[in-house]
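Worksheet for the structure shown next.
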Amino acid sequence: MRVTLSVLLFFALSRPLIAAAESMFQDANQLYQNGKYSEAASIYEDLLQKKEVPEVYYNLGNAYFKDQKLGSAILSYERALKLSPRDRDVRANLTYANRLIEYKIEDKRNWSVKLVSCALGYISLKECWLVALVSYMIFISVSVIFLLIQRRLVFGKLGVATLSFAIVCALVTFLKQTNFGEGQPAIVTEETVEVRYGPAASDRLAFRMVEGLKVFVTDTKPGWYRLELRDRQTGWVPQSGVTLV
């Protein structure tokens, strides 16, 4: 559990709000220490309404885990990892929580897709956009210098190098933004969810999913999500059964 909350994470708030957020965070931590996990989770949720912070999501995941709400715990860890992808504590807790899921899914993706997806998992979307923007600005600067000085041998090669780097950064950002084409990640937050062949309760049952499974939403209909699992099973579920990361 994280016991301190850096005020820098709430820099967009005024000083009174920062003080209030810090006080709420400490109150929630105390409730957690006293074994009042549901009450602690409620305060963490209120904090996250003001600003999404990885430390709060991490503690929220711990509170839900202690309260035996595996799906909500995994969801919170996933959201924390989305904001802070290289946090070892978050990764360790998420890995442990995933081991407790009753039903295991076989990952049938190509090894190269798995490798790239794993690598992208260690950088945040914000970091991708920042690097892409900086690389684009460097390319523009080099291009301007090239036009002014017109030394083709030096700036021509440098221009090609910076352009190539900018294109790679843009591609990485696109893959991160689109989640490698897998769809929007979501977590099963109900104990059992029925997956059907169509977006209606009258459609035939395809299979069932258990709490905590990670799925990918590929389409939506009013009240329904079309999802895909990494073992390539697909189907429709009520939106109440899963929560988007």
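The values are calculated or read from the model by the stated rules, or taken from the named source; none is laboratory data. Predicted model, so just to flag it, every value in this text is computed and none were measured. When we count neighbours, we look across all protein chains shown, and the Cβ atoms used for this are built from the backbone with ideal geometry, even at glycine.
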Study note, to complete from the structure: Across the stretch 221-243, the tally of residues that are more than 12 Å from Ala186 (Cα to Cα) and part of a loop (DSSP other than H, G, I, E, B) stands at 6
Exercise for review: Of all residues in the stretch 162-197, count the ones that are in a loop (DSSP other than H, G, I, E, B), at positive phi and in contact with a helix residue (DSSP H, G or I) (Cβ under 6 Å, 6 or more places away or on another chain).
Suggested key: 0
Check your understanding: Only one residue in Ala80, Ala132 is over 26 Å from Glu190 (Cβ atoms) and either more than 16 Å from the chain's Cα centre (by Cα) or in the same structural domain as Lys51 (by TED's automatic domain parsing) (or both). Which one?
Key -> Ala132
Practice item. Could you run through the stretch 163-207 and say how many residues are basic (Lys, Arg) and surrounded by 12 or more Cβ atoms within 10 Å (Cβ to Cβ)? Key: 2
